[in-house]
Amino acid sequence: MTATIDLEVREGVDRETVETVQSMGSYKYGWDTEIEMDYAPKGLNEDIVRLISQKNEEPEWMLEWRLEAYRRWITMTEPKWAMLNYPEIDYQDQYYYARPKSMEVKPKSLDEVDPKLLATYEKLGIPLKEQMILAGVEGALPSPGVDMAIAASEGRRVAVDAVFDSVSVGTTFKDELAKAGVIFCSISEAIREHPELVKKYLGSVVPQSDNYFATLNSAVFSDGSFVYVPKGVKCPMELSTYFRINAENTGQFERTLIIADKGSHVSYLEGCTAPKRDTHQLHAAVVEIVVLEDAEVKYSTVQNWYPGDEEGKGGIYNFVTKRADCREARAKVMWTQVETGSAITWKYPSCILRGDESQGEFYSIAIANNMQQADTGTKMIHLGRNTRSRIVSKGISAGKAQNTYRGLVTMHPRATNSRNYTQCDSLLIGDQCGAHTVPYIEVKNTSSRVEHEATTSKVDDDQLFYCRQRGMDEEEAVALVVNGFCREVLQALPMEFAMEAQSLVAISLEGSVG
Amino acid sequence: MLKIDNLHVKLEEEDKQILKGLSLEIPAGQVHAIMGPNGSGKSTLSYVLSGRDGYEVTEGSATLDGQSLLDMEPEQRASAGLFLAFQYPVEIPGVGNMTFLRTAVNAQRKARGEAELSSGDFLKLVRAKAAELQISPEMLKRPVNVGFSGGEKKRNEILQMAMLEPRMCIMDETDSGLDVDAMRLVSDGVNALRSPDRSFLVITHYQRLLNHIQPDVVHIMANGRIVKSGGPELALQVEEEGYGDLLAEAG
Ligand SMILES: Nc1ncnc2c1ncn2[C@@H]1O[C@H](COP(=O)(O)OP(=O)(O)OP(=O)(O)O)[C@@H](O)[C@H]1O
Ligand SMILES: [Mg+2]
């Protein structure tokens, strides 16, 4: 019987998807919030770094850390090896800090948060009131948050940290999580309240000097989320962060740090949207995950930044460094990403499999339509013995888009008896787009094995005709076929995100046929 | 119901005429069978009627209840009640059979301005119809036609037909590759759907099917045309004598 119920739920989700798609236009999150903002002066220098640190009321050590990163960054050059074409970014022509005026005095609870901000998240469907979460949100637009609302109405709960431009607006369910010993708060708060944890782990996975964008982030990150799950604790609910870029000409540089102590479990979701703007906006985030002995972290992203218009005007430049360190034995991490937005995506969520028998998984859907360019993939660095990794990548290109999978699998000499399996499938819609697969494989011991499979296919006319003969219009047919192509990855997502992800897949491809 | 008049069809890509003045009329409630040698254009006819790309109609017309089919998109024809059970059903990896069915049923209902089926009603209906065709719940869950045996694919086509309740059903060699029991299941399924306001066009090579599904008229098609029409006895004649004499007689 459970199988049937499961089936019904899945069918329900699929169905909802199609309905959601039908009720939506192209980019639904493109509206902006009119709100008074405090900006740091345009441009980047040591004073700006100091200002950000001061706005966050940081201790001296944090400022020093940032300055060190900044001094490093000015000696570095932007990497150019990715298959991405974009005009020179003027780093002095950006705001590095933008905060709603109403957030100047930190609200003590969500009740004190500016109603305009709350309304923004409500419109996005992100439940920010705990009672609302319990009751389920009624009448919310179909949007990223609706899944959470549905999850909530079914009795599953999701704690949310909401980041608006440079600051965290609020975090739900903090008290209840605290009872379980879980710390879930903004990173700025963690720096103030839990300096011992932050000092110990910040930069321990992605060092300040890691790469151009990560170093920039280390200097100017303004907020982000912090999670600590203590020994042996299974986090009682899903955690999530919802990023919203609102201000114009403002970069968003968030930093997320997740620590799963020995034997703990946590599932974390990340969502992001931005208004339609004619100019490109910079987003350079860093996510660090530390996984200790026997702990498990599942990190899911639905990236839906504004992709720009059909001619490639506007859209987010997304340069993200995400890395998990399975530091001890049997640690496990699973990255799942659905990348549909951004004009440029440069992102390689990676796993360092240091502990013996540790495991890393990477499931990815990357969709590029119109003028979008995506260069994304993963790195699996096998350092420990008997380590396992699995990569499933589904790239979909439509319009004039370019989509590149770039992956690295390394088996170090000590990583004996380790295994990697990589499957990399590309789907092309139309004949003006491109799909590229760039796998790097290094095996430095004799007992480990790496398997790589890759396919490239086109959306099949016979499949589309079959669907249309049964009554679906062309877009619905494409959505169905593409969702089928992505099924394996969609199934790796938590239920809370599955529906959103499916509808996004369809929406991102609108106008790609006919 | 279905009226085809002097239909001429060539391939879009090359200069090859496939249908050469085909005329056919199927009144409501009737079952017509088409038999004919390989390559005579039977599948082409079914594709042109349902709107597949790649063909060009150079002359003639085809109407469903007086409405010209040839100007409509495939999905509009489907919602108008035209259904094609494919000679080679298509596989769609990753898409659950049930999802596919429900999306199709509701797309058509929506196009006709009817309320969509609730998930409860849909499930009840699909389970009952699947059971009649001995399609297991497990098969409903699997991706559309992927890894289905030939016979399973054909039964799945009939399940779709039963769920969509089309008014004009075209079945292209649905009996090919069916075992004896499956043939009975499929025929029973079709017979259950027979009604005064539903018509069938059954393309087949074997008179065997027509023992189960009694046709009102049998047409012989050759070289892009109907060359002879008659009663069920025509199918028997084909079975016994082959096409030789029939075609010679028709010139
Ligand atoms: N796309 C195409 N390209 C080339 N030839 C085609 C194409 N479609 C149909 N034909 C040709 O048109 C003729 C009719 O084909 P069709 O499939 O309609 O025959 P049929 O009567 O259904 O045959 P069978 O009994 O074998 O199923 C054949 O000669 C076939 O090769
Ligand atoms: Mg045929």
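The values are calculated or read from the model by the stated rules, or taken from the named source; none is laboratory data. Just so you know, these numbers come straight off a predicted model, no measurement behind them. So basically every Cβ, Gly included, is an ideal-geometry build from the backbone, and we count neighbours across all protein chains shown. Surface accessibility is based on the protein's heavy atoms, side chains included, excluding ligands, DNA and RNA. Shrake-Rupley method; radii C 1.70, N 1.55, O 1.52, S 1.80 Å.
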For this session: Any chance you could count how many residues in the range B:38-55 are within 19 Å of A:Arg470 (Cα to Cα) and within 16 Å of ligand 2 (Cβ to nearest atom)?
Result: 10
For this session: Could you please tell me which pairs satisfy a Cβ distance under 6 Å, a separation of 6+ or placement on different chains, a first residue in the range B:20-46 that is outside any loop (DSSP other than H, G, I, E, B), and a second residue that is open to solvent by 10 Å² or more (accessible area, probe 1.4 Å) and within 7 Å of ligand 1 (Cβ to nearest atom)?
Result: B:Ile34/B:Lys42; B:Ser43/B:Gln87; B:Thr44/B:Ile18
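A quick yes/no check of all residues on (1) among the hydroxyl-bearing types (Ser, Thr, Tyr); (2) in contact with a helix residue (DSSP H, G or I) (Cβ under 8 Å, 6 or more places away or on another chain):
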site: B:Asn38; (1), (2): no, no
site: B:Gly41; (1), (2): no, no
site: B:Tyr47; (1), (2): yes, no
site: B:Thr58; (1), (2): yes, no
site: B:Gly81; (1), (2): no, no
site: B:Leu101; (1), (2): no, yes
For this session: Would you check if B:Ser23 is more than 16 Å from ligand 1 (Cβ to nearest atom), among the hydroxyl-bearing types (Ser, Thr, Tyr), surrounded by fewer than 21 Cβ atoms within 10 Å (Cβ to Cβ) and over 30 Å from B:Glu241 (Cβ atoms)?
Result: no
Exercise. Within the range A:403-508, which strands (runs of 3 or more DSSP E) (wholly inside it) include 1 or more residues that are open to solvent by 20 Å² or more (accessible area, probe 1.4 Å), within 13 Å of chain B (Cβ to nearest Cβ) and in contact with a strand residue (DSSP E or B) (Cβ under 7 Å, 6 or more places away or on another chain)?
Worked result: A:449-458
For this session: Taking only the range A:209-252 into account, find how many residues are farther than 20 Å from A:Ser168 by Cα and among the aromatic types (Phe, Trp, Tyr).
Result: 2
For this session: For the range B:26-37, name all the residues that are open to solvent by less than 30 Å² (accessible area, probe 1.4 Å) and more than 13 Å from ligand 2 (Cβ to nearest atom).
Result: B:Ile26, B:Gly29, B:Val31, B:His32, B:Ala33
Exercise. If B:Ala104 satisfies every condition in (1) assigned to a helix (DSSP H, G or I); (2) of a type in the set (A, V, I, L, M); (3) within 16 Å of ligand 1 (Cβ to nearest atom); (4) farther than 30 Å from B:Glu239 by Cα but one, which is the exception?
Worked result: (3)
Problem set entry | Residue list for the range A:220-254, restricted to those being in a strand (DSSP E or B) and open to solvent by 20 Å² or more (accessible area, probe 1.4 Å) | A:Tyr228, A:Lys234, A:Glu238
Exercise. Looking at this structure, is A:Arg323 charged (D, E, K, R) and either on the phi < 0 side of the Ramachandran plot or assigned to a strand (DSSP E or B) (or both)?
Worked result: yes
Exercise. Given A:Ile48, A:Ile35, which one is part of a helix (DSSP H, G or I) and crowded, with 16+ Cβ neighbours inside 10 Å?
Worked result: A:Ile48
Exercise. Going through the range B:56-76 one residue at a time, which ones are surrounded by 19 or more Cβ atoms within 10 Å (Cβ to Cβ), in contact (Cβ under 8 Å) with a residue 24 or more places away in the chain and either outside any strand (DSSP E or B) or within 16 Å of ligand 2 (Cβ to nearest atom) (or both)?
Worked result: B:Pro74, B:Glu75
Exercise. Counting only residues that are part of a strand (DSSP E or B) and either at pLDDT 95 or above or in contact with a helix residue (DSSP H, G or I) (Cβ under 8 Å, 6 or more places away or on another chain) (or both), how many does the range A:255-273 have?
Worked result: 11
Exercise. Among the listed residues B:Glu233, B:Glu173, which satisfies the condition of being away from chain A (no Cβ under 14 Å), in contact (Cβ under 8 Å) with a residue 40 or more places away in the chain, of a type in the set (D, E, K, R) and closer than 29 Å to B:Asp5 by Cβ?
Worked result: B:Glu173
Problem set entry | Condition check for B:Ala104: within 18 Å of the chain's Cα centre (by Cα), buried (at least 22 other Cβ atoms within 10 Å of the Cβ), within 16 Å of ligand 2 (Cβ to nearest atom) and modelled with pLDDT of 95 or more | no
Exercise. Counting only residues that are out of contact with any Asp or Glu (no Cβ under 8 Å at 6 or more places or on another chain) and surrounded by fewer than 24 Cβ atoms within 10 Å (Cβ to Cβ), how many does the range A:154-175 have?
Worked result: 4
Exercise. In the range B:17-34, which residues are of a type outside the set (A, V, I, L, M, F, W, C) and at negative phi?
Worked result: B:Gln17, B:Lys20, B:Ser23, B:Glu25, B:Pro27, B:Gln30, B:His32
Exercise. How about the range A:364-392: which of its residues are surrounded by 24 or more Cβ atoms within 10 Å (Cβ to Cβ) and touching a helix residue (DSSP H, G or I) at 6+ places or on another chain (Cβ under 8 Å)?
Worked result: A:Ser364, A:Ile365, A:Ile367, A:Asn369
Exercise. Does A:Glu58 fit the bill of being under 30 Å from A:Val505 (Cα atoms), under 27 Å from the mean Cα position of the chain (by Cα) and either of a type outside the set (Lys, Arg) or in a loop (DSSP other than H, G, I, E, B) (or both)?
Worked result: no
Exercise. Looking at B:Leu82, is it under 19 Å from B:Ile170 (Cβ atoms), over 16 Å from the mean Cα position of the chain (by Cα) and buried (at least 20 other Cβ atoms within 10 Å of the Cβ)?
Worked result: no
For this session: Just give me the residues in the range B:84-119 being more than 24 Å from B:Gly147 (Cβ to Cβ) and at the interface with chain A (Cβ under 8 Å from one of its Cβ atoms), in sequence order.
Result: B:Asn106, B:Ala107, B:Gln108, B:Ala111, B:Ser119
Exercise. Looking at B:Arg194, is it at the interface with chain A (Cβ under 10 Å from one of its Cβ atoms) and either open to solvent by 20 Å² or more (accessible area, probe 1.4 Å) or modelled with pLDDT under 95 (or both)?
Worked result: no
For this session: Just give me the residues in the range A:340-362 being part of a strand (DSSP E or B), at pLDDT below 95 and open to solvent by 10 Å² or more (accessible area, probe 1.4 Å), in sequence order.
Result: A:Trp346
Problem set entry | Filter result (modelled with pLDDT under 90 and either out of contact with any strand residue (DSSP E or B) (no Cβ under 6 Å at 6 or more places or on another chain) or in a loop (DSSP other than H, G, I, E, B) (or both)) within the range A:274-298 | A:Ala274, A:Pro275, A:Lys276, A:Arg277, A:Asp278, A:Thr279
Problem set entry | Among the residues listed as B:Phe148, B:Phe122, the single one being at the interface with chain A (Cβ under 10 Å from one of its Cβ atoms) and either more than 16 Å from ligand 1 (Cβ to nearest atom) or buried (at least 17 other Cβ atoms within 10 Å of the Cβ) (or both) | B:Phe122
